[in-house]
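The structure appears below as structure tokens.
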């Protein structure tokens, strides 16, 4: 059978962790035809890989590109790093949106920026993206926000038995349609209102489908150990596989707990419990500035939060709660160490130039003595304002990367470094997570071998997510491939100037079509909607 595309002259790292070997890769249509010495084939596209590594396309286990890909389907910040598959669904998913969730998330409405926020079913969103055209493959978990909001909306209360049963039934249908599993984010309302028992009850549905429960655990800081224990308990009692989203130990006082967390996971794995994790290789996390405000003040949704922010009495309660440690919620303000460690990523609603300034600097510039007061002012003006929280440590990133069950994510959007996207408040992880692993931790530090780093980005997540035919270079596998120069691949994005593409990736092939050729995007949109267990 003739080849339609040949990658010639590279060192092939097949995704299994075995050392690379000099070989060509032949592609016919959307599949890999063979690996070895490949003769010329009339009419075949030939991509030169001389001096480069050839690997399966990288899988971004945690992406928030569900909006930005609707606006620009090329996904360039990830494409330039060799990412060929984006995974969505941390806490919130684009579907299903039904029941009381319709109170806060519209279905069918296209916003002014071209995005649609909600879809009746998750498959509706994925199918729309695929048919409209998108560069990377896409797949998603069902957000546990969605399941909870079906019955309870933004209410701070337990689900009733009837609401749990209805959510479980809808989850069963979504899993039958190929959803990857359930993704939760337990530090954010309304997920934070869910008890462990409620989660166990819902996650029992996953085991019947060999699906995955993946979670931003309830605490990555003061109660990190308890957060790990909770997800392990959910996995055991619900009899399902589990993964920890972006494993970290947040806050100087908690850095020593990373070893404890890893030891807990290792011990569970030693008993046969299927547990994995992923991470992004940066010390700072990023989320909305409003996340500093305790969950009870978010009850009822964003409109109620804004009402409380306008009420002087409620505002004083918020300030007092933010300043004191709590066992009930993740206090990001205290975890970072205070206003000097909170970096604002966008300007204030009134146009004040706060982007790139710490909260302490922004408060001083505004003439506000109390940084917490200024934080509340900023959230009142723009409840979507983003910030980076410096709370991690490089040694803990290295410790986590030493474990063979840890894969890689960006936990971010995928955007072009072009207006208007270059004005978006993004973390450098959007442009650098995968390149940073290959440049800093493989080439510069030797922490991982190249073949092991490739495995962490390819076959490990493909197997964990049950993405059939992905994550390996082998005859018959889907032709998702990346060609990069191990000697030059590098991230360039910084906190001050995040909109900078990584360099060192020469070609990216998705489903047999070149989306990046000779370092330049082709404009091709060959991505597909992927389903768990389906080729």
Taking strands (runs of 3 or more DSSP E) that fall entirely within the range 428-529, which contain at least 3 residues that are without any contact (Cβ under 8 Å) to a residue 40 or more places away in the chain and either under 23 Å from the mean Cα position of the chain (by Cα) or on the phi < 0 side of the Ramachandran plot (or both)? none
It is to be established whether one or more residues within the range 113-128 are surrounded by 18 or more Cβ atoms within 10 Å (Cβ to Cβ) and within 30 Å of residue 453 (Cβ to Cβ). yes
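Rundown of residues vs (1) in contact with a strand residue (DSSP E or B) (Cβ under 6 Å, 6 or more places away or on another chain); (2) touching a residue at least 24 places away in the same chain (Cβ under 8 Å); (3) surrounded by fewer than 24 Cβ atoms within 10 Å (Cβ to Cβ), yes/no style:
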{"site": "99", "(1), (2), (3)": "no, yes, yes"}
{"site": "103", "(1), (2), (3)": "no, yes, yes"}
{"site": "106", "(1), (2), (3)": "no, no, yes"}
{"site": "131", "(1), (2), (3)": "no, no, yes"}
{"site": "141", "(1), (2), (3)": "yes, yes, no"}
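Being in a strand (DSSP E or B) and in the same structural domain as residue 90 (by TED's automatic domain parsing) narrows it down to one residue among 261, 277, 249; which is it?
On the way: 261 fails: in a strand (DSSP E or B); 249 fails: in a strand (DSSP E or B).
From the options 261, 277, 249, the qualifying one is 277.
Can you say whether residue 46 is part of a strand (DSSP E or B), within 30 Å of the chain's Cα centre (by Cα) and not assigned by TED's automatic domain parsing to the domain that holds residue 451, as far as the supplied structure shows?
No; evaluated as a whole, the condition is false for this residue.
Let me confirm something: among 95, 114, which residue is modelled with pLDDT under 95, in contact with a helix residue (DSSP H, G or I) (Cβ under 8 Å, 6 or more places away or on another chain) and either under 28 Å from residue 435 (Cα atoms) or assigned by TED's automatic domain parsing to the domain that holds residue 68 (or both)?
Details: 95 fails: modelled with pLDDT under 95.
Result: 114 is the single residue among 95, 114 that is modelled with pLDDT under 95, in contact with a helix residue (DSSP H, G or I) (Cβ under 8 Å, 6 or more places away or on another chain) and either under 28 Å from residue 435 (Cα atoms) or assigned by TED's automatic domain parsing to the domain that holds residue 68 (or both).
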The lone condition residue 42 fails out of (1) more than 17 Å from residue 510 (Cα to Cα); (2) at pLDDT 95 or above is (2)
Residue list for the range 230-246, restricted to those being surrounded by 18 or more Cβ atoms within 10 Å (Cβ to Cβ) and part of a helix (DSSP H, G or I): 230, 231, 232, 234, 235, 238
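One line per residue, one yes/no per condition, for (1) within 25 Å of residue 110 (Cβ to Cβ); (2) under 19 Å from the mean Cα position of the chain (by Cα):
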{"residue": "144", "(1), (2)": "no, yes"}
{"residue": "151", "(1), (2)": "no, no"}
{"residue": "154", "(1), (2)": "yes, no"}
{"residue": "177", "(1), (2)": "yes, no"}
{"residue": "194", "(1), (2)": "no, no"}
{"residue": "206", "(1), (2)": "no, no"}
{"residue": "219", "(1), (2)": "no, yes"}
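The values are calculated or read from the model by the stated rules, or taken from the named source; none is laboratory data. As the structure is a computational prediction, the values presented were derived from the model and not from experiment. When we count neighbours, we look across all protein chains shown, and the Cβ atoms used for this are built from the backbone with ideal geometry, even at glycine.
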